[in-house]
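Have a look at the structure below before the remarks.
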Amino acid sequence: MEGLVLAADLGGTNLRMAAVDHGGSFSHLIKRRVPPNVSPPELIELIRTLAAEISASPRALAFTAPAPVPFDFDGVLTKLPNLSSVTGMNLKRALEDEFGLPVVIENDATAAAIGETWIGASRGISNSITVTLGTGIGGGIIIDGKPHRGPDGIGGEIGHITVEPNGRRCKCGSIGCVEEYASATAIARIAQEHGMKTRDSAEVYAAWMGGDATAAIVFTEMGRYLGIMLASLANAINPEMLVICGGASAAWEAFAPSTQAEISSRAYPRAASRARLVKGILGDNAGLLGVARSAFLELAGERV
Ligand SMILES: [Zn+2]
């Protein structure tokens, strides 16, 4: 399959766009801030501006969205805690009208799992779970080589697995979700609860690198909660690989030992030893590349 796809990662803070080829090489990567409370017409205008700067002749558009996306997605964005001003917008139709090209949309975390499986850490692996540690926690589940989206596009919402039944209230409405204990946001909060003056998870990690004992406690605690969630998933899905990506995966060395210990002590021994815990290798580009892969498969009539 020759040609290019214009792929974009649409998040609550940034829009990142690049031209991607069929082998996963990309060019003209551009990142722009999404204005707070952006309106649907403003969002399309921003997309048009970036596409003009990239100046490719794409065969399709490929977008991630921080929203539930079923396989037969109609394009209407729902449940957007970090991009609520465009809730109800039909992104697919708006892009089709604007560009006159096929449009493929994937949930951002599902796209990251597709990307890592295409040319990243889980390349060639048929059964894996990719965890995205950012402002929240996203998940992408690949079973027998196919992304598991579920009939409502909610398959893979692993950030809302309960790890503390009487714990903190989550913005999803439930209580004690792992997102409240192991996301980048949670790392910063746990550090503050332990008296650290750090402002974000990167600063907590910098303190850990400098040998700070409190930062070590924070990452042990955060890693443990992540491991509690992954141990349950290891038993439920029996994956060959658990891929940790997203911004907070930069602190991998700080939390991974605690996560691995928790998986080993809780999951079935066979499931725990089967599920290799690794760090993602595509970084911020996993979602963008994954949705480009979906678009190439769509063009070939092979998307699953
Ligand atoms: Zn939740």
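The values are calculated or read from the model by the stated rules, or taken from the named source; none is laboratory data. As the structure is a prediction and not an experimental result, all values here were calculated from the model. Methodologically, a virtual Cβ is constructed for each residue, glycine included, from the backbone with ideal geometry; neighbour enumeration extends over all protein chains shown. These accessible areas exclude ligands, DNA and RNA; they are computed on the full protein's heavy atoms, side chains included. Shrake-Rupley method; radii C 1.70, N 1.55, O 1.52, S 1.80 Å.
Structure notes:
- If you go through region 148-158 and keep only what is surrounded by fewer than 20 Cβ atoms within 10 Å (Cβ to Cβ) and either touching a residue at least 60 places away in the same chain (Cβ under 8 Å) or within 9 Å of the ligand (Cβ to nearest atom) (or both), you end up with G150, P151, D152, I154.
- Candidates T135, T117 - the one that is under 22 Å from L230 (Cβ atoms), open to solvent by less than 40 Å² (accessible area, probe 1.4 Å) and not in a strand (DSSP E or B): T117
- Qualifying residue in region 115-128 (condition: at pLDDT 95 or above and within 16 Å of the ligand (Cβ to nearest atom)): no
- Qualifying residue in region 185-197 (condition: under 22 Å from N14 (Cβ atoms), within 16 Å of the chain's Cα centre (by Cα) and surrounded by 16 or more Cβ atoms within 10 Å (Cβ to Cβ)): yes
- Cβ pairs under 8 Å, 6+ apart, first in region 50-62 and in contact (Cβ under 8 Å) with a residue 24 or more places away in the chain, second among the charged types (D, E, K, R): L50/R32; A60/E298; A62/E106
- Those residues of region 84-113 which are out of contact with any Pro (no Cβ under 6 Å at 6 or more places or on another chain) and closer than 26 Å to I244 by Cα, in sequence order: V104, I105, E106, N107, A109, A111, A112, A113
- Members of region 164-181 that are assigned to a loop (DSSP other than H, G, I, E, B) and near the ligand (Cβ under 6 Å from one of its atoms): C170, C172, S174
- Scanning region 39-67 for residues that are at pLDDT below 95 and over 22 Å from L4 (Cβ atoms) yields P66, A67.
- Y225 being within 16 Å of the ligand (Cβ to nearest atom), in contact (Cβ under 8 Å) with a residue 60 or more places away in the chain and either open to solvent by less than 70 Å² (accessible area, probe 1.4 Å) or under 24 Å from G140 (Cα atoms) (or both): yes
- Number of the exception - T13 against (1) open to solvent by less than 30 Å² (accessible area, probe 1.4 Å); (2) among the hydroxyl-bearing types (S, T, Y); (3) more than 15 Å from N90 (Cα to Cα): (1)
- Scan region 120-132 for residues that are touching a residue at least 40 places away in the same chain (Cβ under 8 Å) and open to solvent by 20 Å² or more (accessible area, probe 1.4 Å) and the total you get is 5.
- Count - residues of region 55-113 that are part of a loop (DSSP other than H, G, I, E, B), over 20 Å from G12 (Cβ atoms) and charged (D, E, K, R): 3
- Note on region 190-296: enclosed helices (runs of 4 or more DSSP H) holding 3 or more residues that are closer than 24 Å to P165 by Cβ are 213-237, 252-266.
- Residue that is away from the ligand (no atom under 14 Å from the Cβ) and either hydrophobic (A, V, I, L, M, F, W, C) or in contact (Cβ under 8 Å) with a residue 12 or more places away in the chain (or both), where the choices are I187, I161: I187
- Filter result for G145 (away from the ligand (no atom under 12 Å from the Cβ), at pLDDT 95 or above, in contact with a Ser or Thr (Cβ under 6 Å, 6 or more places away or on another chain) and open to solvent by 10 Å² or more (accessible area, probe 1.4 Å)): yes
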